[in-house]
Amino acid sequence: MQVEPIIQVRNVHKYFKTPRGIVHALNDVSLDVHKGEVVTVIGPSGSGKSTLLRCLNRLESFDAGSIVVDDIPLDSAQNINKVRAEIGMVFQSFNLFPDRTALDNICLAQRVVRKRSRKEAVEIGRELLEKVGIPEKADSYPSQLSGGQQQRVAIARALAMKPKVMLFDEPTSALDPEMIKEVLDVMLDLAREGMTMVVVSHEMGFARAAANRTIFMDQGEIVEQGTPAELFANPSSDRMKVFLSKILKG
């Protein structure tokens, strides 16, 4: 029996008004993501990757089409809030509260949204700091952490909500090169554990190591998709070939 996808995107369109006119940011995009699948989304700047990701939990509205997450359509404020409670999102900027410790950053949403006790939230927070490899930073403030450590706190904060899906929007783009690996290692562990993930990234090494499927977008459209091995070794579209020649050269 065919299992229903946990994410269903159907014929989604998104337009932006700009000083130069209307931009068709998403052009008739359809996509399924199944439970436990790791999907990486690649493409040039302005191709619609991050817009698509943000539409998956309605951080960005869309103008036509439909998105259903875990059998809940994103068609009302009540449903959007339900879906957001089940989706963790990690941005390129860490978005940590500067006046709260790493542990408190992880505990806050647990207590407000999940209504957990302080004791339970702290217990989960410490377990997750261990999981992301920085248990000794529980009492450190963001200003005392490196970029890689801050991003790992942000991942732990998202995981603390026990999400069914994790979305990553260029999670390493703001990091120095030596800090990228420590964040990607955490993401690789999540992939091995079966977390459903949609990752917008230029890290081709992560796509090769962890993704079940890679999607290439350009000009608001999904141009082609397949396993990373298929796509990187034998792209079928000229747009994909040009893109790979630029990012893989050298």
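The values are calculated or read from the model by the stated rules, or taken from the named source; none is laboratory data. Only a predicted model underlies this, so the values are computations on that prediction, with no experimental measurement involved. All Cβ positions, even for glycine, are placed from backbone atoms using ideal geometry, and neighbour counts span all protein chains on display. For the accessible areas, the whole protein counts, side chains as well, though only heavy atoms, and no ligand, DNA or RNA atoms are used. Shrake-Rupley method; radii C 1.70, N 1.55, O 1.52, S 1.80 Å.
Inspection of the range 71-83 identifies no residue that is at negative phi and touching a residue at least 40 places away in the same chain (Cβ under 8 Å). Among residues of the range 223-247 being among the charged types (D, E, K, R) and over 22 Å from Asn27 (Cα atoms), the one that is modelled with the highest pLDDT is Glu230. Applying the condition of being among the basic types (Lys, Arg) and buried (at least 20 other Cβ atoms within 10 Å of the Cβ) to the range 100-156 and asking which residue is nearest to Asp189 (Cα to Cα) yields Arg152. Do we have any residue at all in the range 225-243 that's of a type in the set (A, V, I, L, M, F, W, C), in contact with a Gly (Cβ under 6 Å, 6 or more places away or on another chain) and closer than 25 Å to Cys55 by Cα? Checking the range 225-243: not a single residue is of a type in the set (A, V, I, L, M, F, W, C), in contact with a Gly (Cβ under 6 Å, 6 or more places away or on another chain) and closer than 25 Å to Cys55 by Cα. You will find that of Ala160, Ala211, Ala233, Ala229, the residue that is within 15 Å of the chain's Cα centre (by Cα) and not basic (Lys, Arg) is Ala211 and no other. For Pro177, the conditions (1) open to solvent by 10 Å² or more (accessible area, probe 1.4 Å); (2) under 19 Å from the mean Cα position of the chain (by Cα); (3) within 25 Å of Gly88 (Cα to Cα) all hold with the exception of (2). Scan the range 17-28 for residues that are open to solvent by less than 70 Å² (accessible area, probe 1.4 Å) and not aliphatic (A, V, I, L, M) and jot them down. Scanning the range 17-28 gives Thr18, Gly21, His24, Asn27.
Yes/no matrix, rows are residues, columns are (1) closer than 22 Å to Ala158 by Cβ; (2) crowded, with 20+ Cβ neighbours inside 10 Å; (3) in contact with a Cys (Cβ under 8 Å, 6 or more places away or on another chain):
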position: Asp189; (1), (2), (3): yes, no, no
position: Met197; (1), (2), (3): yes, yes, no
position: His202; (1), (2), (3): yes, no, no
position: Ala209; (1), (2), (3): yes, no, no
position: Met217; (1), (2), (3): no, yes, no
position: Ile222; (1), (2), (3): no, yes, no
position: Gly226; (1), (2), (3): no, no, no
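Residues in the range 43-91 that are surrounded by 21 or more Cβ atoms within 10 Å (Cβ to Cβ) and touching a His at 6+ places or on another chain (Cβ under 7 Å): Phe62 only.
Give Leu52, Leu59 a once-over and let me know the one that is in contact (Cβ under 8 Å) with a residue 60 or more places away in the chain and under 29 Å from Glu193 (Cβ atoms).
Details: Leu59 fails: in contact (Cβ under 8 Å) with a residue 60 or more places away in the chain.
On inspection, the qualifying residue turns out to be Leu52.
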